[in-house]
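Structure provided below as structure tokens; questions to follow.
Each value in this text was obtained by applying a stated rule to the coordinates, not by laboratory testing. Small disclaimer: the values here were computed from a predicted structure and weren't measured. Neighbour counts are summed over all protein chains in view; Cβ atoms, including those assigned to glycine, are modelled from backbone coordinates with ideal geometry.
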Amino acid sequence: MLNRAFWLQFSTPKTFYPVAGKMIPVFMVLAVLSGVIGLYLSFFETPRVAGLQKEAYHIIFVHVAASWMSMFIYMIMGGYAMLGFILKARLSGMMASALAPTGAMMTFIALITGIIWGRAAWNPNFTWTPDPRLMTELVLFFLYMGFILLQVVIDDARRAMRAGAILAIVGVVFLPLIFFAVKLPTIHQPANIRPGHTMPVVSVVAMLVMVFSFWMYSIAASLMRVRAIMLEQEKRTAWVQQLLGAKT
Amino acid sequence: MLKIVFTVIKRDLRLAMRRRAELLTVIFFFIISVSLFPIAMGPETEQEARMLKEIAPIIIWISALLATMLSLGQMFSSDYQDGTLEQLILIPQPFSLIVFGKIIAHWLVAGLPLVLIAPLLGMQLGLSVPEQLVLMLTLLMGTPALSLIGAMGAGLTLGLRNSNILVSLLVLPLYVPVMIYGAGSVEAYATGLGFKAHMALMSAVLLLTLILLPWAAATAVRISME
Amino acid sequence: MQAADDPILLNVKSLGCVRSDRQLFADLSFSVNAGQAAVIEGRNGSGKTSLLRILAGLSEPEDGEVWWRGENIYKEREAYIRELLYFGHLPAVKGELTAGENLRLSTVLCGESKLDAASALQEVDLKGFEDMPTHYLSAGQKRRVALSRLYCSSATLWILDEPLTAIDVHGVAKIEKTIGEHVKRGGSVIMTTHQSITIPGVEIKKIRLGATKSSPTHA
């Protein structure tokens, strides 16, 4: 069994950089393959819903996958931020910063696909609705943007990391509250709009494959981004100088 | 331990009293912001009046949010600019307590007045007396949470350019549940659905912010001061 | 744990500081004993203020540690702060409060009990200004209100960042004398200054920044 020391050696930017580089193509390929399969299943193999003409209804599978990923990534980001803060591990902080834009993008996709689906599903004039999930996505989008902007505006890298960590930690604690807040019963709450009571197997599979695809993509994108962050922040160190020198 | 909190509260209150203009801007903004709605509606039909009454809790809550956000800049900026914030960090007491004292002082000056004025504004929008009381209660529980969360936002953005806008962006998503529980309570009460669930969640938010945010705000300030 | 008669109070070990991607200093080590005054020297931008802030525990160093009485200052933070008096660049007085109120406030906050505001203000030549809101005072006067804390503090270690700024010749002599008395009583002082300073009866330890390795030289 590989022991702790083996894994720990990759916990510094210098050692993780090449490892990350090797992993990226693997995840990308997985993402693209499963993405193609997932999209095919979602749009061609899942049952037509009676009475609805629009193909766009099937975008629900993309929407659910993006929505899950957006929340999942936020939790992971918060976890890395916490680790980086408590253990003063720079790589963890870098991972948190690397995840944020991908998470924001997932949130954005969830929002757009949610609106498209809403239009297709039950109201051609639909533009917005206090749907709990869409509301959560919107607030989550601003949580991500706040984190990203805070780190962009702060010049000092170390302060940016630590400030972002505090924000992320509080955000992670608040996220469940936000989720429950928009789910509260009010007189304006529309009827539950989730499709069907039991889902056919093919639909479940389509959803899972899309989630997997987004997950693989997120890992690949974050690894690419964390490598760029490493080069940026560690540019004074010898190994980065060597790397950049070798390229030119 | 309590003594240091009281000393800090007294200090900040004394400073606020000598800068009275700043206090009043928050309160006036709140009043104007709420009043914009009936003013914009002009002479109302009965249907419009009913609609105004229905969204009254939301109007008041959002105005309270905005007024509080306006006042956040003052929490630490004065102390930051004259160097006294550094000295506060160097007091031989847990810095979280000192920040907690500052947050309480901020609430007394920027939050409590909103709670007290809200019933009058509620009347302007057509809320009944019991509804006004529920509104006051939600604001009483919610505004401390707003000050607590805002303190973290203010601490994170100390000394940055255009910090006011950034603070708003950081803090608004976290304000959303507070606002929803607050405005929702009044709505739920008004429509007879019962507001127990909302108030329970509001208490949970307040408790959570009381536990987590003084530490978060204090750490945010220290990070900004490094 | 440190032996009771060990004179070393502050021990700085291999301190490194990075600001905005620039390494200001690295591997800096020195110590300050009881009854010793140290002056940090270096050009503008060499990291003098950053060093003092690290010593005061306001910033964390990139590398290295600071020890007080045999303990890392981050482990026994409150005990260290209790013995510390730090003066930063800004006068750290509230403009809206009077000179007397400022002084009383900082004393109460630090948990000090003895205070004679009037006599402390007299020491800095501000007799009669006790009820004057400090935003009416000049920059030099504000600094003197801040410096009046020196006369009502029981702190052992004074860390002073350019305390002589905006002080006239007479005031400078007074401060030098006060520092000397504090040092002779067994306290320690670490300071930076742009002016040359002589403390009557005390040998100053000079620590130079700006070289990659700093070693203390004696005055």
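Assuming 1.306 mPa s and 10 °C, estimate D for the range B:43-119 with Stokes-Einstein, Rh taken as the Kirkwood radius over Cα pairs, in µm²/s.
For the chosen part, D equals 104 µm²/s.
In cubic angstrom, how much convex hull volume per residue do the alpha carbon atoms of the range C:28-91 span?
For the range C:28-91, the hull spanned by Cα atoms encloses 116 Å³ per residue.
Let me ask another. What do the square roots of 5 times the Cα gyration tensor eigenvalues come to for chain C, in whole Å, largest first, as semi-axes of the equivalent ellipsoid?
29, 19, 17
Please give the charge dipole size of the protein assembly as shown, origin at the Cα centre, charges +1 on K and R Cβ atoms and -1 on D and E Cβ atoms. Round to the nearest 20 debye.
1060
Return B:ASP79, C:ASP125 ranked ascending by Cβ neighbour count within 10 Å, so the fewest neighbours appear first.
C:ASP125, B:ASP79
Order by neighbour count: B:SER128, B:SER71, fewest other Cβ atoms within 10 Å first, most last.
B:SER128, B:SER71
While we're here: Give me the net charge of A:PHE16's neighbourhood, meaning all other residues with Cβ under 12 Å from the Cβ of A:PHE16; Lys, Arg count +1, Asp, Glu -1.
Every neighbour counted, the sum reads +3.
Please report, for the Cα atoms of the range B:2-224, the Rg to one decimal and the Dmax as a whole number; what are they, in angstrom?
18.0, 62
Give the angle, between 0 and 90 degrees and rounded to the nearest 10, that separates the Cα long axis of helix B:163-190 from the longest principal axis of the Cα atoms of chain B.
40
Right, next: Once you place label points 7 Å from the Cα toward the Cβ at C:GLU62 and A:LYS14, how far apart are they in nm?
Here the modelled spin labels are 1.4 nm apart.
Report the residue, chosen from B:THR84, B:THR138, B:THR157, that carries the largest GNM mean-square fluctuation when chain B is represented by alpha-carbon nodes joined by springs under 10 Å.
B:THR84
Then there's this: Identify which of B:ILE149, B:ILE91, B:ILE31 has the largest mean-square fluctuation in a Gaussian network model of chain B, with springs joining Cα atoms closer than 10 Å.
B:ILE91
Using a Gaussian network model of chain C whose springs link C-alpha atoms within less than 10 Å, name the residue from C:VAL32, C:VAL124, C:VAL202 with the highest mean-square fluctuation.
Looking only at C:VAL32, C:VAL124, C:VAL202, the largest GNM fluctuation is found for C:VAL202.
Nearest 20 debye, what's the magnitude of the dipole of the range B:23-114 about its Cα centre given +1 on Lys and Arg Cβ and -1 on Asp and Glu Cβ?
Approximately 140 debye in magnitude.
Can you give the FRET efficiency for B:GLU48 and C:HIS170, using 1/(1 + (r/R0)^6), R0 = 51 Å, r = Cβ-Cβ distance, to the nearest 0.05?
0.10
Nearest-5 percent of antiparallel DSSP beta bridges in the protein assembly as shown?
Antiparallel bridges: around 50 percent, rounded to the nearest 5.
A further question on this structure: On the Cα set of the protein assembly as shown, report Rg and Dmax in Å, please.
According to the Cα coordinates of the protein assembly as shown, Rg and Dmax are 29.8, 98 Å.
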